[in-house]
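In what follows, a single structure is set out as structure tokens and then discussed.
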Amino acid sequence: MKLSVVIPSYNEAESLPQTVQAVYRCLHAHSIPHEILVVNDNSTDDTLIVLNQLGNEIDSLRYITNVPPNGFGLAVRHGLANAYGDCIAIMMADLSDDPEDLVRFYQTMVEGDYDCVFGSRFISGGATYDYPKLKYMLNRIANTLVNITFRLRYNDCTNAFKLYKASTIEGLKPFLSAHFNLTLEMPLKAIVRGYKYKVLPNSWRNRKHGISKLKIREMGSRYLFIFLYCIIEKYLAKGDYRKKDIRSSQETRHSV
């Protein structure tokens with residue numbers, strides 16, 4: 001099973017060399033067939049120069065530029081649409097995610113035939129390092145609300161670090177999020193639509209270079225929009241978008 005690692009990047013020239021090289025070394029060491037797909041979100045720094053240099057060193061690296069308008073979610077969606085892998089992971093450009101965790105996610109998906117593998121930093125075995133206090137409090141409040149509303153045991157839905165089968169991603173479309181709220185839309189849709197998932201602990205480290213692109217004040221209403229949309233789908237859509245129903249409807253069309 002080929003793995004695509006989608007890395008959205010906006011002005012991450014300082015972080016990208018360490019991130020891409022670390023991901024490549026780890027996947028190569030474990031003999032995992034892969035591609036690393038960096039999506040340049042119309043950066044204004046030296047991102048393209050850095051990517052061109054890295055491309056000469058790492059044969060599994062591809063990079064593309066997002067079509068404006070910009071936005072984390074739009075960049076990820078552009079990467080998902082252009083990935084070649086049978087399964088697709090989303091990782092951050094600042095190396096906040098551990099490539100060794102990615103290996104565990106991939107091996108778990110292959111061995112258990114899961115549709116998705118989600119990370120949690122807040123279960124046994126998970127860890128955070130230098131996590132901003134305000135961001136932590138808002139994360140815990142938001143995820144607790146999601147847990148109660150959707151009756152989940154998964155406590156880190158907004159964690160961007162996740163792995164999906166390519167076929168699962170197709171079943172989650174169309175995507176509505178243009179920004180970081182995509183990190184909530186994708187797992188909630190997968191869970192509501194009945195895809196088989198596994199939760200594993202993962203670690204997170206604060207960035208060493210640059211500044212975070214997440215603007216908390218701008219994101220509240222966008223997260224709320226996705227939250228409300230998924231509530232409507234869960235409780236009012238009568239299961240029309242669930243995985244098994246999609247399959248059965250396809251079979252019905254073919255049999256007519």
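The values are calculated or read from the model by the stated rules, or taken from the named source; none is laboratory data. All values reported here derive from a predicted model rather than from experimental measurement. Quick reminder, even Gly has a Cβ in these numbers, built from the backbone with ideal geometry, and neighbours come from all protein chains shown. Just so you know, the surface numbers come from the protein's heavy atoms only, side chains and all, with ligands and any DNA or RNA stripped out. Shrake-Rupley method; radii C 1.70, N 1.55, O 1.52, S 1.80 Å.
Observations on the model:
- Odd one out for ASP101, checked against (1) modelled with pLDDT of 95 or more; (2) within 30 Å of TYR235 (Cβ to Cβ); (3) not in a loop (DSSP other than H, G, I, E, B); (4) not aromatic (Phe, Trp, Tyr): (2)
- Looking only at segment 125-146, residues that are within 29 Å of ILE232 (Cα to Cα) and either surrounded by 13 or more Cβ atoms within 10 Å (Cβ to Cβ) or of a type in the set (A, V, I, L, M, F, W, C) (or both) come to 11 in all.
- Looking across segment 1-22, the residues that are open to solvent by less than 10 Å² (accessible area, probe 1.4 Å) and outside any loop (DSSP other than H, G, I, E, B) come down to LEU3, SER4, VAL5, VAL6, ILE7, SER9, LEU16, THR19, VAL20.
- Extreme residue, modelled with the lowest pLDDT, among residues of segment 151-172 that are open to solvent by 10 Å² or more (accessible area, probe 1.4 Å) and not in a helix (DSSP H, G or I): ARG153
- Lone unmet requirement of (1) in a strand (DSSP E or B); (2) more than 18 Å from MET1 (Cβ to Cβ) for VAL117: (2)
- Where a residue in segment 51-67 is touching a residue at least 60 places away in the same chain (Cβ under 8 Å) and under 15 Å from SER15 (Cβ atoms) and its partner, wherever it lies, is of a type in the set (Asp, Glu) and open to solvent by less than 20 Å² (accessible area, probe 1.4 Å), with Cβ under 6 Å and at least six apart: none
- Against the numbered list (1) at pLDDT below 95; (2) in contact with a strand residue (DSSP E or B) (Cβ under 6 Å, 6 or more places away or on another chain); (3) not small (Gly, Ala, Ser), LEU51 comes up short only at (1).
- Only residues that are open to solvent by 30 Å² or more (accessible area, probe 1.4 Å), of a type in the set (D, E, K, R) and not in a loop (DSSP other than H, G, I, E, B) were counted in segment 23-64, giving 3.
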